[in-house]
Amino acid sequence: MRDSLKVWFLASEVVPFAKTGGLADVAGSLPASLKDLGVDVSVGLPFYRMTKNGNYKTEEVLNGLEVPLGEAKRRGEVLKTSTQDGIPVYLFRQEDFFDRSGLYGTAQGDYPDNFERFTYFSRAALLFAKETGLRFDVVHCHDWQTGLIPAYLKTLYRTDPFFSDAASVITVHNLGYQGVFPAEKLPTSGLPASEFRPEGVEYWGKISLLKAGIVYSDAITTVSPRYSQEIQTPEFGLGMEGIFQKRSADLYGILNGADYDTWDPAIDPHIKAGYTFSDTKNKKECKVDLVNELGLDRRFVDRPVLGMISRLAAQKGCDLLVQIAQDIVQLDAGLVILGAGEETYQKFLVKLGREYPDSMAVRIGFDETLAHRIMAGADMLLVPSRYEPCGLTQIYALRYGTVPIVRATGGLDDTIEQFAPGSGQGTGFKFVDYEAKAFLEKIQEAVSLFEDNTTWMRLVTNGMKCDFSWERSAREYVSLYEKVKQAIKNKSEVRNDRRRE
Ligand code: ADP
């Protein structure tokens, strides 16, 4: 029997162990679909306080892992647990670095030693694999936090026989986070000084860990086809468009899937009553429950309720929301916002919520249960992003019969089709220009269509019938893994032939 493909899947957040956003959802669900396709996958992430508080059943599998950070060494341990699907998960414990309230920082900003924290994780993941004989054909990295891994494989460990046949793939979930640090930090990573050049880790006189991942990996993916095109342009490339253009032959756009074991109103344990596209009447019960729970006026049981579940960051279109929140209230629509992030948005929204307690509910913080209840109880979900690599909330919203109102960018554009009442085709509302007026017009359009129950229900069921499950995308990842694995094998055969000559 052919050996199965071995993948070492490394991410800085993975559901259910740690989450701040969509990366965690992807890293928590893609491995299960890979496993279904016969891939031998192991997952690794830091052991944060959040993970510790989850009280997962773990066993310590490595004690005293020594990880060089410049001249110094940091000791840590590796714990093993597994997902519900039986996938091994390795948790990298280093209490000084990871036993903190946040994953990357607080509302006031990032932790000042994020370079050291994620250099530690990246290097520890490789050293652990070598020390314990965890062989892999492909290491699949995600975002800047793991960007050093492909660089290590191409430099420090290039001639190490343990890693000689290992290929690397990096997925860019969000180009807005580039992992930029001062050049003086380079020695901490252990990379040779010669790698500090524009074709290496240097980024305008600094280091970018995301760039390291893009430059040294064997293939790069982004989380939607549209975003893979956009990042090659100055508007969305955020200074990295040239790097992506250079690597365009190795750049793939693979749409994220939804984990329908977690996000399906038919089986969701967080919501008041389950429902499906063929029988949606319980959605109303979820709405009544939400209106009561959040203290909105009773009339909103029959009026449209708009939800937003989002990191409160400029990327997510918070400035547009802030500009039109009062107009939404004037439409006699309810507005429910669950989010955490930048302090200015948090403060503004909380203040507004206090001004309109009957029609607006603002909840600041990260609340998984409430996220599900809004998804089920709201009639529409707002996703007005400035840019959006894929976006998951609009995909979940479709399944919950909560009509997405989105900006036509990146994955939002790939996944939502503007509704045309004439033909009855489409799944949501899309505006193109990043302007408050355009956003409000789409909301007005949606609110007036809501009055026409038959047409509205057509739109709702169109969305509920969509299938964004992982299987198709997981197949695309598997063929990419096979491709990079083969390319590395061919290269090492050429090297061996040369040696023999
Ligand atoms: P991003 O990864 O850019 O934050 P996505 O739409 O890809 O955006 O994923 C966001 C994920 O995080 C979704 O699962 C969403 O439900 C969740 N989420 C965002 N903010 C919150 C919050 N404040 N509380 C609970 N879940 C949240």
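Structure summary
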{"read-out": "Test: residue in the stretch 179-196 that is in contact with a Ser or Thr (Cβ under 7 Å, 6 or more places away or on another chain), at pLDDT 95 or above and in a strand (DSSP E or B)", "value": "yes"}
{"read-out": "Residue among G54, G21, G38 that alone is modelled with pLDDT under 95 and small (G, A, S)", "value": "G21"}
{"read-out": "Residue check for G410: buried (at least 19 other Cβ atoms within 10 Å of the Cβ), of a type outside the set (A, V, I, L, M) and more than 12 Å from the ligand (Cβ to nearest atom)", "value": "no"}
{"read-out": "The lone exception for G38 - which of (1) out of contact with any helix residue (DSSP H, G or I) (no Cβ under 7 Å at 6 or more places or on another chain); (2) outside any helix (DSSP H, G or I); (3) closer than 12 Å to I87 by Cβ it fails", "value": "(3)"}
{"read-out": "Checking G109 against (1) under 16 Å from V61 (Cβ atoms); (2) free of Cβ contacts under 8 Å to residues at least 60 places away in the same chain, the condition it does not meet", "value": "(1)"}
{"read-out": "Close pairs (6 angstrom Cβ cut-off, 6 or more residues apart or separate chains): on the phi < 0 side of the Ramachandran plot in the stretch 451-462, assigned to a helix (DSSP H, G or I) anywhere", "value": "W456/L449; W456/F450"}
{"read-out": "Failed item, numbered, when A438 is tested on (1) in contact with a strand residue (DSSP E or B) (Cβ under 7 Å, 6 or more places away or on another chain); (2) without any contact (Cβ under 8 Å) to a residue 40 or more places away in the chain; (3) of a type in the set (A, V, I, L, M); (4) closer than 28 Å to A266 by Cα", "value": "(4)"}
{"read-out": "Residue in the stretch 272-286 that is among the aliphatic types (A, V, I, L, M) and either in a helix (DSSP H, G or I) or in contact (Cβ under 8 Å) with a residue 40 or more places away in the chain (or both) present", "value": "no"}
{"read-out": "Tally of residues being within 23 Å of D289 (Cβ to Cβ) and crowded, with 17+ Cβ neighbours inside 10 Å across the stretch 341-365", "value": "9"}
{"read-out": "Which listed residue is assigned by TED's automatic domain parsing to the domain that holds Q330, assigned to a helix (DSSP H, G or I) and over 17 Å from M375 (Cβ atoms), from L398, L459, L440", "value": "L440"}
{"read-out": "Odd one out for A371 among (1) within 11 Å of the ligand (Cβ to nearest atom); (2) surrounded by 24 or more Cβ atoms within 10 Å (Cβ to Cβ)", "value": "(2)"}
{"read-out": "Scan of the stretch 439-450 for residues that are buried (at least 17 other Cβ atoms within 10 Å of the Cβ) and either out of contact with any helix residue (DSSP H, G or I) (no Cβ under 7 Å at 6 or more places or on another chain) or farther than 21 Å from G410 by Cβ (or both), ordered by number", "value": "L440, K442, A446, V447, L449, F450"}
{"read-out": "Candidates D332, D327, filtered to the one that is at positive phi, away from the ligand (no atom under 16 Å from the Cβ), surrounded by fewer than 23 Cβ atoms within 10 Å (Cβ to Cβ) and not assigned by TED's automatic domain parsing to the domain that holds L175", "value": "D332"}
{"read-out": "Selected residue [within 28 Å of K485 (Cβ to Cβ), among the polar types (S, T, N, Q) and buried (at least 19 other Cβ atoms within 10 Å of the Cβ)] from T159, T119", "value": "T119"}
{"read-out": "Number of the exception - D85 against (1) more than 30 Å from K347 (Cα to Cα); (2) part of a loop (DSSP other than H, G, I, E, B); (3) under 20 Å from the mean Cα position of the chain (by Cα)", "value": "(3)"}
{"read-out": "Close pairs from the stretch 226-245: first of a type outside the set (S, T, N, Q), partner surrounded by fewer than 17 Cβ atoms within 10 Å (Cβ to Cβ) and part of a helix (DSSP H, G or I), Cβ under 7 Å, at least 6 apart", "value": "I231/G237; E241/P234; F244/G237"}
{"read-out": "Enumeration of residues in the stretch 14-35 that are assigned to a helix (DSSP H, G or I), within 16 Å of the ligand (Cβ to nearest atom) and not hydrophobic (A, V, I, L, M, F, W, C)", "value": "G22, D25, G28, S29"}
{"read-out": "All strands (runs of 3 or more DSSP E) inside the stretch 202-269 with 1 or more residues being within 24 Å of L186 (Cα to Cα) and among the hydroxyl-bearing types (S, T, Y)", "value": "206-208"}
{"read-out": "Set S4, S101: member being of a type in the set (S, T, N, Q), part of a loop (DSSP other than H, G, I, E, B), within 16 Å of the ligand (Cβ to nearest atom) and exposed (fewer than 15 other Cβ atoms within 10 Å of the Cβ)", "value": "S101"}
{"read-out": "Selected residue (criterion: nearest to C466 (Cα to Cα)) from residues of the stretch 377-394 that are in a helix (DSSP H, G or I) and near the ligand (Cβ under 10 Å from one of its atoms)", "value": "Q394"}
{"read-out": "Within the stretch 186-223, tally of residues that are crowded, with 19+ Cβ neighbours inside 10 Å and charged (D, E, K, R)", "value": "3"}
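To keep it simple, each residue is scored yes or no on (1) under 21 Å from S208 (Cα atoms); (2) touching a residue at least 12 places away in the same chain (Cβ under 8 Å); (3) of a type in the set (A, V, I, L, M).
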position	(1), (2), (3)
L37	no, yes, yes
V43	no, yes, yes
Y48	no, yes, no
A72	no, no, yes
L127	no, yes, yes
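One line per residue, one yes/no per condition, for (1) at pLDDT 95 or above; (2) over 12 Å from A378 (Cβ atoms):
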site: T276; (1), (2): yes, yes
site: K287; (1), (2): yes, no
site: N292; (1), (2): yes, yes
site: R299; (1), (2): yes, yes
site: L306; (1), (2): yes, no
site: A313; (1), (2): no, yes
site: L320; (1), (2): yes, yes
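The values are calculated or read from the model by the stated rules, or taken from the named source; none is laboratory data. The shown structure was predicted, so the numbers you read here are calculated from the model rather than taken from an experiment. We place every Cβ from the backbone using ideal geometry, glycine too, and count neighbours over all the protein chains shown.
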